[in-house]
Every structure is written in structure tokens, then in C-alpha cells.
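Just so it is clear, none of the values below were taken in a lab; they were calculated from the coordinates. Values in this document were obtained by computation on a predicted structure and should not be read as measured data. Quick reminder, even Gly has a Cβ in these numbers, built from the backbone with ideal geometry, and neighbours come from all protein chains shown.
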Amino acid sequence: MNRASARALVVALALESLVGACERDRPTFGPETRRHRDNVLYVGGGSEPESIDPGKSYDGPGIDVIRELFEGLLRYDPKTLEPLPGAAESWEVSEDGRRYVFTLREGLVWSDGTPLTAHDFEWSWKRVLAPETAAQYAALFWDIEGGKAYNLGSGSRDDVGVRALDDRTLEVRLERPVPWFLSLLPFAPFCPVPRHAVERHGMAWTRPENIVSNGPFRLVRWIPNYEIVLERNPTYWDRDDVRLDGAVLVVSEDTHSMLRLFRAGELDWLGSNVRPPPEYVPHLRGKADYREDRYLGTYFYWINLREDRNPGSPLKDRRVRRALLLATDREAIVRHVARGGQRPADGVVPDIFFEMGYPRPSPVPFDPEEARRLLAEAGYGPGGKRFPTIEILYNTHEGHRQIAEAIQQMWKRHLGIEVRIENQEWKVFMSNRLEGHYQLARAGWIGDFLDPYSFLSQFLSDSDANEARWKNAEFDRLLQLALSEPDTRRRYALYAQAEAILMEELPVLPIYYYSQNTLIGSWVRGFHPNAQDIHPLRSLWLEAAP
């Protein structure tokens, strides 16, 4: 039986109750030994990637694929996520921390054999900043000299502080010292893209027949909403240390089907973008192949405050937004709905930072009585206006549906508000979010580097990641002050002041701090839990079957 037929058969096997299978007296949920005999990792890929263009990708599934296909100047240490030499073999930093000079490895080539040079990095980084690219992560480049001005249309490309001094030397000049700058460089937007392929094929350059990459793997097949197939890249500089022959990423938003695939041994690892359905987590705990750890991320709802959308919406009144949060029992959501080790969120900066000295925000209580008072103050409820029906938008996923339904019931019970919930396929959902066609929308933010700025910067008034289109000059000022503060304790204090403003204004409703929940076979080696749930496939290998 071929792989496709086997997978279809496994997905169709609904006769056996998964919970019943969990409860049997066995140490693992999935097989105890590997079913596959090849050297290919089978992993859950989650939703269909919106894009695998490093300069344009914005979603987790796409960025995970990019990490395998492309490599920046630096790459992640698989254990600590500290930056290691990647395309660059070495670098020097000036005493004032504002000038970096990277030396690329000799003989680097793209997957089509074309030489890869420092000029590719210069062109790629400036492409992200180009206003016409509309890159969601362009703000990460604003600390480069001239980067923000160029990105916002008031500066010149030639003034951006990125320059290839020769084929192997790249100079980067920053506006100010950035303590986490090197930690950014393995991230997708900082990876090079092949100018010759982009200019030849335009938007179609990432299709399997056109794509050119420089990472440890290359793309050989992409069947939409089914699978993405990678194989080891024979032109990668460190190809001899890549131990997998390839990987198959199974694309699906159906977490129950993915759980069945793992149960049957069709998947080696559930993957970073697939979580076990919440109702099964209590039964999975204690199994040798289940893992649960804290995660550098926050789950929240965007509130659309755009001036050109939803005219007259009650959500534009901050008293209403506060009332909605006060009427949301986040403790009940994490305990009875999410059920995966999440913690109720009192802000957007994850609780992982509290142990690093970040001031814990003031708790936001579950207080329906105060919520009703605020609604009445805003003119809604008995003796006031009827609150109009509002809509929560979420991407198709059982867990997101369950949370939306719980919040729908809470707001109906405690505030008398009618809520309509709507799910959409990932690409449509992301398009509507980015274009502002929503009232409230499910979202999550995973830290790109280990500093609270990674979470707070998305709310800057001129950030493309600010999907609420919320603007606050004092918030912006405090973040800019923090960027210039070398002392971590004082920088954290400035961040906390900014977050307090955010929580007063509430362009988002924080729900919980993420956890990582996954299933992985004991034969998968080189897997190390970490705060960002980043697991480069080049560092994984499969234990040979007995």
C-alpha cells in the first residue's frame, strides 16, 4: 500500500475511541517502535502556509518551512536557540555596538548552483524594507540606519545601513545598540532570497518548480492542503551533518485526524503547529511520548479599531473593551477548555519573562458586575441602547472554536451580548485580518527573540503588525526610550509602563499564555524543548529500527 493510501485508510479508522486507547495500560499513546523504515521524518505541518517567501511570510506554518529551506547569516542552536554561525562563518562588532561586519563562508551556493554572496543579503534585507513589499516583519529592520525612514516612504534605499563590501563581507550599521540583534538573524525575514529567481518568476518563485534556496533542505513537492515534501539539499555547505534524508509535512487543520495518524505510527512527531485536541490532554499526560512545556507566546483577540472599518462600533469605546475582558473568565478557559497547561494572561508579555525580572502586570479580575457597570456607563443595557450583535472571527481549528464558543456564552450570560462566531480557512482568515475585515479576531504572538520588545513592538502606531491600528503616542515614546536603555532592569520597567497603557486601552483581549503540547516518538533524536518551540530539522535524526 502506498503512503497516500495508507494515510487515507488510517484517517478513516474512526471505530476505535482515542480516549479508550489512551487509557489502556501502555506507556505511550503512539507506537513504541517506529513503523516507517526510511530515513524521512513524518511530521504534522499544521495549516496550509500562507507564504514561504522569507521576506513576506507572517504565519507559523510558513516560517517553519522557511527555516528548513533557507539559512540566514546565523542559525539556531538546537538546545539553547543562541545564534550559531550559519551562512556567515564569523563577525565583528564595534565597541559602541552599532556596526557589525559579517564574513560569509567561502564557496556558498544556491540550490541551483548559483553563487550566494553578501550582495544577496543586502538586496534581500532592503527588499523587506521596501514599502512596495509590504512585509509584515519590516519593523524588525527599523533599528538599521535609515531602515525605518525607507520603509515608511520618507527615506532612500541607498541610505539604509546594509552594504556588501565585497562578495563575502556584509556591513550592517544600526541606529542604536540592539542587545538582541544577533538573535534576530536566524529568523525568516533575515534569510536571503535568490534575486535571479524572484525577478524571473515574480510571485510564483516559491513554487516547487521555480524555488531556489540555500538551507539544509530543498522543496520537492507541495500538494496544497495535503503535504509538503522536503529532501536534503546537496548544495548546502554543511550537508554532511544533516542526518535526515528528508521530511514530509502533513498539512491539515483537523487535529483529530493528526492525532489518529500519530496513534497509527504514520507521524513521527505531531509538529510545532499541531496541538493535541484539548479534550485528550488529560489522558495523554503521563505517556512517555507526550511533552508539555511553557511557550514564549500569548493567545489573544484583536479588536478592530481602524478608522475606515466598522463605523459606529461599540468596540471603539474602551469602556466596552474593558467590560468584555472583565466578563471573560480566563481561569475557566485554561482549566476547562484549553486544558494544556496554559496560564490566564494579564497582559501580552508572556509570564516566562517574570522570572527574568519583568514586572508582573496588575491582575485583571473576572468581574461581571464591574463589566455590566462599565457597559451601562457606555450607554448600553437596561435603560440604554441595545448592544448590537458582534462577531468573533477565527481560523478553522477545533481548539479555537471551543474557546470562541466559551467566550460567546460568557458574554451572553454576563452581559446579555449576542455574539456570532465564524471560522475561515487559514489563508482567507489571515487576509481578512490583515485587511481589517473583522470586529474581533483570534490571534497569537510567539516571540521572535527573548525580549519583551518582541511582543510590545507589534503595537507601535506605525507597525504593520498592529492589526488593531491602535495608536498611542506615550506608548510609542516609552518603547523608544526602552530601546536606548542598556540596563535590563530599567529597560523592563519602561516596557512595563508601556504595557500598562496597552492594558488600559485594550486594543487586544489577552486570553492566556501559551504552552507547548506535543507527541513525539522516542526514536526521534536531537529534540530539545525550548521557550520558542523551534526545532530545526537539520539537528534531528531517527534512531535506526532494531
Electrostatic dipole magnitude of segment 105-236 [Cβ: Lys, Arg +1; Asp, Glu -1; Cα centre; debye, to 20]: 220 debye
Starting from the 7 Å offset along Cα-to-Cβ, what nm value, one decimal, do you get for the label separation of TYR226 and ALA544? 3.4 nm
Rule-of-thumb Rg ratio for the chain [Cα; 2.2 N^0.38 Å; N residues]: 0.98
Computed over segment 441-546, the convex hull of the Cα set has an average projected area, in nm², of 9.3 nm²
What are the ³J(HN,Hα) values, in whole Hz, obtained from phi via the Karplus relation 6.51 cos²θ - 1.76 cosθ + 1.60 with θ = phi - 60°, for each residue of segment 131-137 in sequence order, with x given for Gly and Pro? x, 6, 6, 6, 6, 5, 9
For LYS412, the lysines lying under 18 Å Cα to Cα, once residues fewer than eight places off in the same chain are dropped, come out as LYS385
Taking the Cβ of ALA496 as the center, what net charge do the other residues with Cβ under 11 Å away carry, scoring Lys and Arg +1 and Asp and Glu -1? +3
What is the P(r) of segment 205-245, as percent of Cα-Cα pairs per 10 Å bin from 0? 30, 49, 20, 1
Treat segment 306-371 as a sphere of radius equal to its Kirkwood radius over Cα pairs and apply Stokes-Einstein at 4 °C in a medium of 1.567 mPa s; give the translational diffusion coefficient in µm²/s, rounded to a whole number. 92 µm²/s
Evaluate segment 70-209: find the radius of gyration of its Cα atoms, find its Kirkwood radius, and give the ratio Rg to Rh. 0.95
Starting from the Cα of ILE501, step 7 Å along the direction of its Cβ; do the same at GLU369; then give the gap between the two resulting points in nm. 3.4 nm
What is the spread of the Cα atoms of segment 53-150 along each of their three principal axes, largest first, in whole Å? 37, 32, 32
Go ahead and run the numbers for FRET between ASP38 and ARG200, Cβ-Cβ distance against an R0 of 30 Å, rounding to 0.05. 0.30
Could you rank the peptides 215-226, 295-306 by their average count of other C-beta atoms within 10 Å per residue, with the highest value first? 295-306, 215-226
Please order SER154, SER183, SER124 by the number of other Cβ within 10 Å, starting at the fewest. SER154, SER183, SER124
Quick one: putting +1 on the C-beta of Lys and Arg, -1 on the C-beta of Asp and Glu, what dipole do you get for the chain around its Cα centre, in Debye to the nearest 20? 1240 debye
Give me the percent of DSSP beta bridges within the chain that run antiparallel, rounded to the nearest 5. 75 percent
Ratio of Rg to Rh for segment 295-516, alpha carbon only, Kirkwood? 0.95
Ranked list, fewest to most other Cβ atoms within 10 Å of each Cβ, for GLU209, GLU418: GLU209, GLU418
Loop GluC sites (Glu not before Pro), segment 227-328, which have at most 13 other Cβ atoms in a 10 Å radius of their Cβ (DSSP): GLU307
At most 10 other Cβ within 10 Å, DSSP loop - GluC sites (Glu not before Pro), segment 21-89: none
Can you list the lysines whose alpha carbon sits under 22 Å from that of LYS427, skipping same-chain ones fewer than 8 residues off? LYS56
May I ask you to compute the full-extension gain from SER313 to LYS412, defined as 0.36 nm times their residue separation minus their alpha-carbon distance, rounded to one decimal in nm? 33.8 nm
Net charge contributed by nearby residues that have their C-beta within less than 12 Å of TRP426 (K/R +1, D/E -1): -2
Just going by the charge dipole of the chain, with Lys and Arg at +1 and Asp and Glu at -1 on Cβ, which of GLY55, SER522, TRP142 is farthest out on the positive end? SER522
Put a dot 7 Å past each Cα toward the Cβ at ARG243 and ARG386; how far apart are the dots in nm? 6.5 nm
Give, as a single signed number, the net charge of other residues whose beta carbon lies under 11 Å from the beta carbon of SER463, with Lys and Arg counted +1 and Asp and Glu -1. -1
How big is the charge dipole of segment 261-326 about its Cα centre, in debye rounded to the nearest 20, if each Lys and Arg gets +1 on its Cβ and each Asp and Glu gets -1 on its Cβ? 480 debye
Listed residue (SER90, VAL508, HIS414) projecting farthest to the positive dipole end of the chain, Cβ model: HIS414
Which FRET efficiency, nearest 0.05, do ASP158 and SER484 yield, Cβ-Cβ r, R0 30 Å? 0.70
Exposure proxy order (Cβ contacts within 10 Å, fewest to most) of HIS528, HIS283: HIS528, HIS283
